[in-house]
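Chemist: Here it is, the structure in full.
The values are calculated or read from the model by the stated rules, or taken from the named source; none is laboratory data. Quantities reported herein were computed from a predicted structural model and do not represent experimental measurements. When we count neighbours, we look across all protein chains shown, and the Cβ atoms used for this are built from the backbone with ideal geometry, even at glycine. Calculation scope for accessible area: heavy atoms of the full protein, side chains included, ligands and nucleic acids excluded. Shrake-Rupley method; radii C 1.70, N 1.55, O 1.52, S 1.80 Å.
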Amino acid sequence: IGIERRYYLDAYIGLVIDKSGSMRGKRMELARAYGTMVSEAAGRLPGVEGHVATFDGKDYTVCGDLRRNSIAKAEAGGDNNDAGAIWQAVQLARRSSKRHRLIIMVNDAEPTGSSVAAIRHVVESAQRENIICAHTMATESRRKPLQSSRTVSRLARRGMASWQPMTVMMATGT
């Protein structure tokens, strides 16, 4: 008798992309590409739902869900409010009946409109509700991987260590 294993996904993913002015150029291209890749991959999985959003210092804009969204049209410009964006994403995740909830923020690790303490507070509050917050940096320079590692270390020292996985996304192009 053969054994057949079946896995049932029960997950909510909130993908949140920074579109502040510091994201102009290659950073925004990387963020859009990453957002498209994640939403297309996750959107095909049965049992996975979620939203895709962009944010700046004034607006949190839901661009659609994981299956249909307009993330490819996102343009950079404006200020930044990371804590406000995380808070908005957490509010949407709370409404989900899914067992596993994940917020993925894509930015350049330059929180200017939010204090690190405010970001830490929102992330830790989400974690108490079993909502995991992850962070991915979009950086445009292949020449400076050490600087990116230092950025991750600096953020960890400043209290951002409460973010779950810290992943650095580097450009592989020109």
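Chemist: In region 58-82, what residues are under 21 Å from ALA126 (Cα atoms) and at pLDDT below 90?
Modeler: Residues satisfying the conditions are ASN80, ASN81, ASP82.
Chemist: Taking GLY21, is it among the small types (Gly, Ala, Ser), over 17 Å from ALA109 (Cβ atoms) and surrounded by fewer than 22 Cβ atoms within 10 Å (Cβ to Cβ)?
Modeler: no
Chemist: Restricting the search to region 73-107, which residues are in contact with a Ser or Thr (Cβ under 6 Å, 6 or more places away or on another chain) and within 16 Å of LEU15 (Cβ to Cβ)?
Modeler: ALA74, ASP82, VAL106
Chemist: Just the residues that are assigned to a loop (DSSP other than H, G, I, E, B) and within 14 Å of MET105 (Cα to Cα), please, taken from region 42-78.
Modeler: The answer is ASP56, and nothing else.
Chemist: Under the condition of being over 23 Å from GLY25 (Cα atoms) and within 15 Å of the chain's Cα centre (by Cα), which residue from region 65-82 is most open to solvent (accessible area, probe 1.4 Å)?
Modeler: Here the residue is ASP65.
Chemist: On to the next question. How many of the residues making up region 1-28 are among the basic types (Lys, Arg) and either assigned to a strand (DSSP E or B) or closer than 30 Å to SER70 by Cβ (or both)?
Modeler: Qualifying residue count, region 1-28: 4.
Chemist: Right, another one. Limited to region 104-136, what total is found for residues that are more than 19 Å from GLU49 (Cα to Cα), at pLDDT 85 or above and within 11 Å of the chain's Cα centre (by Cα)?
Modeler: 1
Chemist: Let me ask something else. Sort out which residues of region 14-28 are over 12 Å from ILE86 (Cβ atoms) and among the β-branched types (Val, Ile, Thr), and write them in order of number.
Modeler: Within region 14-28, ILE17 is the sole residue that qualifies.
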